[in-house]
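Enquirer: This is the structure I have questions about; it appears just below.
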Amino acid sequence: MILDGKCPSGPISEKWERHRHEMKLVSPANKRKYRIIVVGTGLAGSSAAATLGELGYNVEAFCFQDSARRAHSIAAQGGINAAKDYPNDGDSIFRLFHDTVKGGDFRSREANVYRLAEVSGNIIDQCVAQGVPFARDYAGYLDNRSFGGAQVSRTFYARGQTGQQLLLGAYSALSRQVRAGNVRLYPRTEMLDLVVVGGEAKGITVRDMVTGKIRCHAADAVCLCTGGYMNVYYLSTNAMGGNVTATYRAYKRGAFFANPCYTQIHPTCIPVTGDHQAKLTLMSESLRNDGRVWVPKIRGDRRPPHEIPGEERDYYLERKYPSFGNLAPRDISSRAAKEVCDDGHGVGPGGRGVYLDFAGAIKRLGEDTIRQRYGNLFEMYERITDENAYKQPMRIYPAPHYAMGGLWVDYNLQSSIPGLFVLGEANFSDHGANRLGASALMQGLGDGYFIIPYTIAHYLAQSGPDAAGTGRPEFVRSVEETEASIKRLLSINGSKTANEFHRELGGIMWEQVGMTRSRESLENALRRIPELRAEFWENVRVPGGEEDLNQELEKVGRVADFLDFAELLARDALHRNESCGSHFRMEHQTEDGEAVRDDANFCHVAAWQFTGADREPELHKEQLSFENVRLAVRSYR
C-alpha cells in the first residue's frame with residue numbers, strides 16, 4: 001500500500017493557513033458533547049489536554065506517574081528552537097525548516113516540518129505569557145544560544161532546566177482546566193490497550209496501578225502523547241519508566257509503526273561506569289557552545305588532561321567539520337566519538353569517553369558566566385562523577401536518547417486508525433532520520449498547543465458525538481484479553497526477573513542495532529531476540545499479585561512489549577539498506593566514514609502493519625518528495 005500523508009496543495013508557506021481555513025469546525029456549544037482521551041502528560045500531552053479543555057471539550061488525561069508534572073519532558077535541559085531571529089543573525093522560518101529537513105537527512109515530510117517552523121514563534125509567546133522564566137540578556141530581552149546543525153542562534157533556554165520550566169507552564173494550564181472541570185486527570189494509571197470499534201479508535205483499557213483494577217474509558221477520539229521507545233536499549237538517558245507499551249499496543253490494533261530504526265544516540269552523556277547502572281545521564285548539547293571536544297592524539301595516553309599540551313590534543317570535531325565544529329549534528333558527533341574511541345584514543349575507564357573541556361571558555365568569559373549558563377549541569381555532573389568540571393574536563397560518551405520513529409500519522413496527526421491521533425515523540429512526522437537539538441520541545445508544544453486543536457475538530461465535526469459508552473462488546477473483550485495477559489505473566493513463575501531480561505535485550509540492541517549496523521549484526525539480532533523472547537515466556541518471574549501495587553508486574557508487561565518491538569526495530573533497520581542520519585549501515589559509507597543514502601530506493605517512510613503474533617509485519621510506504629529543499633548530500637564540513 002502507498003500511504004497518503006494528506007498534505008494540502010499549494011505553496012508550502014500557505015499550506016497550513018489554507019488547510020486551517022478548509023477544515024471543518026465544532027461550535028463552542030457542541031464541544032461540550034465530545035469526550036477526548038489524552039494519554040501522557042508530558043509537553044505534548046499536557047499542552048493538548050489544557051488547550052482542548054480550554055476550548056470546551058470534555059478531556060480525560062492519563063499518566064502512570066503520581067503527578068502529571070513528573071513526565072519525562074521535565075528532564076530536557078538545553079532549550080527550545082524558534083524562528084524569532086532575535087539575535088538578527090539571519091534566521092527565518094524557512095531557514096529553520098531547511099535546517100530541520102537537512103538535519104533529518106532528507107527523510108521527513110516537508111509540509112509537516114514547515115508547519116512546525118511556522119508555529120515555533122507562537123510557542124515562545126505562549127510560554128512567556130505563562131511565565132516560563134527564559135534566560136534574558138543584559139537589556140531584558142529573551143536570550144538565545146546555538147545548538148547542533150545550525151549556524152544561527154535560535155534556541156531559547158532556562159539555564160539547563162528548560163524542559164522543567166516548560167512543563168511547569170503547561171502543567172499550570174492543565175491544572176487550571178482540571179479546576180474548571182474541563183479536564184479529569186487520572187494519575188498512576190497505565191494504558192494497556194486501545195479499543196477500536198467499527199475501525200475507529202473509541203477508547204482505551206487501563207490498569208489502576210494502585211488497586212490493580214482493569215477498566216475501560218470511552219471517548220470520541222484518543223490522543224497518544226506517550227513519548228519514545230529508547231528504553232528498548234535498557235541503558236538510555238530516558239526515565240526508567242519510559243516504555244513502548246501504549247504505541248506498540250496501538251500498533252497491534254492496526255496503527256502503522258513508521259521508521260522504528262531511526263534511533264538517536266546523543267553524543268553528550270556521562271559514560272557507563274559498570275553493570276550496576278539502570279540508566280544514563282544526559283549532559284546538554286548546549287554545553288558544546290562553550291566546551292571543546294577532544295581526545296589525546298597518542299593512543300592509550302593515560303596522562304591527566306591538564307598534562308597533555310595543546311599540540312597533543314585532537315579536537316576532532318573542529319578538525320573534521322570546521323563549519324560547525326563542536327556543534328555538528330548529534331548523529332555525526334556520536335559516530336565521530338565512537339570512531340576515535342575505537343581507534344584507541346578514548347579516555348576514562350575502558351577508553352569509552354572523550355573530553356568536553358571548558359578551560360578556554362572560562363579563561364575567556366570567566367567562571368561566573370559559565371556558572372550562570374550551565375551551573376546546574378556542572379553540579380549534576382559533579383554529584384555523579386565526583387569531578388569538578390570547572391577544574392578539569394568533563395568525560396562524555398554517546399548514549400541512546402530519542403526516537404525519531406513512531407506511529408505513522410498524516411498531516412492532521414491522525415494515525416492509520418481514524419480517531420487515533422499521535423503527538424510529540426510518539427509519532428514519526430517531523431525529524432526524519434535525525435533530530436536536531438532543541439527541536440523535541442518545539443514539536444511537543446507545537447503539536448499540543450497549535451495543531452491538534454484544529455485537526456481533531458475536523459475529525460469530530462465529521463464523525464459526531466458517540467454516547468454508546470463502554471458496554472459494547474469491543475470494550476468487554478479488551479478487558480478480558482488484558483486480564484488474561486496479566487494472569488499469563490503471573491503464572492509463569494520462572495527464575496529470572498524482568499530486569500534481567502531487559503538488560504540482556506539492551507545488550508543485544510546496543511551491540512547489534514546501535515550506533516552502527518550491518519546486515520550481519522542485524523540478522524544476528526533477529527535470531528537472538530526471538531530466542532530471548534521465548535525464554536522470557538518460559539522463565540520470567542513476577543513476585544506479588546495483580547490486585548494491588550506491583551511494580552514488577554508493571555515492568556514485566558513493558559519488557560514483554562520491548563521484546564516484541566525490538567524485533568520490529570531490527571527488521572526495519574535490515575530493510576533500510578542505506579545509511580541516513582542516525583541509521584548507519586556499515587556497508588553504505590564514504591571512504592572518510594560519512595553516510596551514503598540511497599534516494600532511488602529508500603526515499604520513503606517505511607510504515608509497518610501488524611499481521612498477527614509470530615507473523616512478519618506488512619510493509620507500506622509513503623513516498624517523500626522534496627520541492628522546497630533540494631535533495632542533496634548532507635554535509636557539515
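Enquirer: Among the residues of segment 596-637, count how many are closer than 19 Å to Glu578 by Cα and in a strand (DSSP E or B).
Expert: Total meeting the criteria: 10.
Enquirer: What's the number of the only condition in (1) at pLDDT below 95; (2) of a type in the set (S, T, N, Q); (3) within 27 Å of Val295 (Cα to Cα) that Gln392 fails to meet?
Expert: (1)
Enquirer: Taking helices (runs of 4 or more DSSP H) that do not extend beyond segment 497-589, which have at least 2 residues that are open to solvent by 40 Å² or more (accessible area, probe 1.4 Å), closer than 21 Å to Ala613 by Cβ and of a type outside the set (Gly, Ala, Ser)?
Expert: 519-539, 551-575
Enquirer: Another question, then. Just name the residue that is nearest to Gly163 (Cα to Cα) out of those in segment 70-125 that are open to solvent by less than 40 Å² (accessible area, probe 1.4 Å) and either free of Cβ contacts under 8 Å to residues at least 60 places away in the same chain or assigned by TED's automatic domain parsing to the domain that holds Ser286 (or both).
Expert: The residue in question is Ile124.
Enquirer: Name the single residue, out of those in segment 437-482 being touching a Ser or Thr at 6+ places or on another chain (Cβ under 9 Å) and of a type in the set (Asp, Glu), that is surrounded by the fewest Cβ atoms within 10 Å (Cβ to Cβ).
Expert: Glu481
To keep it simple, each residue is scored yes or no on (1) polar (S, T, N, Q); (2) under 27 Å from Ser625 (Cα atoms); (3) part of a loop (DSSP other than H, G, I, E, B).
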| position | (1), (2), (3) |
| --- | --- |
| Asp99 | no, yes, no |
| Lys102 | no, yes, no |
| Asp105 | no, yes, yes |
| Leu116 | no, yes, no |
| Gly121 | no, yes, no |
| Val128 | no, no, no |
| Pro133 | no, no, yes |
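Enquirer: Given the condition closer than 30 Å to Asp564 by Cβ and open to solvent by less than 40 Å² (accessible area, probe 1.4 Å), answer yes or no: does some residue in segment 325-333 qualify?
Expert: Checked segment 325-333: at least one residue is closer than 30 Å to Asp564 by Cβ and open to solvent by less than 40 Å² (accessible area, probe 1.4 Å).
Enquirer: Please work out which one of (1) in contact with an Asp or Glu (Cβ under 8 Å, 6 or more places away or on another chain); (2) under 30 Å from Tyr262 (Cα atoms) is the condition Pro543 fails and give its number.
Expert: (2)
Enquirer: If you don't mind, there's one more thing I want to ask. What pairs come out if I take residues in segment 1-22 that are at positive phi and pair them with residues that are of a type in the set (S, T, N, Q) whose C-beta lies under 7 Å away, six or more apart or interchain?
Expert: Lys6/Asn412
Enquirer: What pairs can you find where one residue is in segment 529-545 and under 10 Å from Ser491 (Cα atoms), the other is of a type in the set (Phe, Trp, Tyr) and in a helix (DSSP H, G or I), and their Cβ atoms are less than 8 Å apart, with a gap of 6+ or different chains?
Expert: From residues that are under 10 Å from Ser491 (Cα atoms), the pairs are Val540/Phe501.
The values are calculated or read from the model by the stated rules, or taken from the named source; none is laboratory data. In this text, all values refer to a predicted model and were calculated from it rather than measured experimentally. Heads up, the Cβs are rebuilt from the backbone with ideal geometry, glycines too, and the neighbour counts pull from every protein chain shown. The protein model used for the area step is the full one, side chains on, heavy atoms only, and it has no ligands, DNA or RNA in it. Shrake-Rupley method; radii C 1.70, N 1.55, O 1.52, S 1.80 Å.
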